[in-house]
Amino acid sequence: RLHIHQSIHRTNGGYRLDVPKTVASYRTLALRPVVGEVFKKIKACQEAEEQRLEGAWKTNCKNHPLITGTEEHTGCTQFVFTRELGLPVLGHSAYYRLKTALTSIKAPPARVHDLRHTFASDQLLAGTPMSEVSRMMGHVSVAFTLKIYTHIVDEVQGKAAEATANMLEEAM
């Protein structure tokens with residue numbers, strides 16, 4: 001399981017470690033074992049790097065020049081995705097990494113936030129109920145999710161209508 005209870009928000013001139021934006025943003029996501037293994041490998045790599053650097057690894061974000069608000073969050077001991085010295089991957093560097101990866105595979109440009117939309121769209125097209133997609137995304141309501149993904153809902157409804165027609169044809 002992945003528990004989401006903190007987030008880094010962009011501010012004027014930097015970032016702030018804080019609580020998630022809404023109550024719905026606090027969430028626990030179930031992970032398949034294969035995803036859990038990926039997280040375990042990331043953690044093992046971070047621990048190996050921490051040992052290699054003999055104390056230079058930042059196990060908290062209190063001294064990060066771009067992050068404020070850490071004084072209220074003493075529980076900040078490790079980030080899931082890090083860059084050198086254990087510091088968090090912030091928005092600008094995540095975008096740069098994504099841009100580099102997309103260029104290397106000759107894919108069209110995309111923003112990091114587009115990955116959220118792709119995830120939600122794929123979940124809906126795979127048949128995940130709208131209420132569960134809304135919960136996984138941390139949206140405040142299913143109505144909010146419906147508003148954002150109306151174009152996908154239309155496609156899902158088309159698939160549902162086709163399935164209904166197929167069942168009716170078989171029955172006849």
Worksheet entry | Condition check for Thr70: within 20 Å of Leu2 (Cβ to Cβ) and modelled with pLDDT under 60 | no
Worksheet item: Could we say that Ala126 is open to solvent by less than 80 Å² (accessible area, probe 1.4 Å) and either out of contact with any strand residue (DSSP E or B) (no Cβ under 9 Å at 6 or more places or on another chain) or under 23 Å from Thr28 (Cβ atoms) (or both) here?
Response: no
Item to complete: Search the range 114-134 for residues that are touching a residue at least 24 places away in the same chain (Cβ under 8 Å) and pair each with any residue that is of a type in the set (A, V, I, L, M) and outside any helix (DSSP H, G or I) when their beta-carbon atoms are under 7 Å apart and the residues are at least 6 apart or on different chains.
Response: none
Worksheet item: Hey, any hits in the range 158-171 for a residue that's surrounded by 10 or more Cβ atoms within 10 Å (Cβ to Cβ) and in contact with a strand residue (DSSP E or B) (Cβ under 9 Å, 6 or more places away or on another chain)?
Response: no
Item to complete: Starting from the range 159-172, take each residue that is among the small types (Gly, Ala, Ser) and list its partners that are exposed (fewer than 10 other Cβ atoms within 10 Å of the Cβ) and outside any helix (DSSP H, G or I), counting only C-beta distances under 6 angstrom and pairs at least six apart or across chains.
Response: none
Worksheet item: Can we say Tyr26 is open to solvent by 70 Å² or more (accessible area, probe 1.4 Å) and either at pLDDT 90 or above or on the phi < 0 side of the Ramachandran plot (or both)?
Response: yes
Worksheet item: For the range 92-113, what are the residues that are open to solvent by less than 40 Å² (accessible area, probe 1.4 Å) and either modelled with pLDDT under 90 or out of contact with any Ser or Thr (no Cβ under 9 Å at 6 or more places or on another chain) (or both)?
Response: Ser93, Ala94, Leu98, Leu102, Ala107
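The values are calculated or read from the model by the stated rules, or taken from the named source; none is laboratory data. Everything quoted here is computed from the prediction, not taken from an experiment. Cβ coordinates were reconstructed from backbone atoms using ideal geometry, including for glycine residues, and neighbour counts include every protein chain displayed. What goes into the accessible areas is simple: the full protein's heavy atoms, side chains included, and nothing from ligands, DNA or RNA. Shrake-Rupley method; radii C 1.70, N 1.55, O 1.52, S 1.80 Å.
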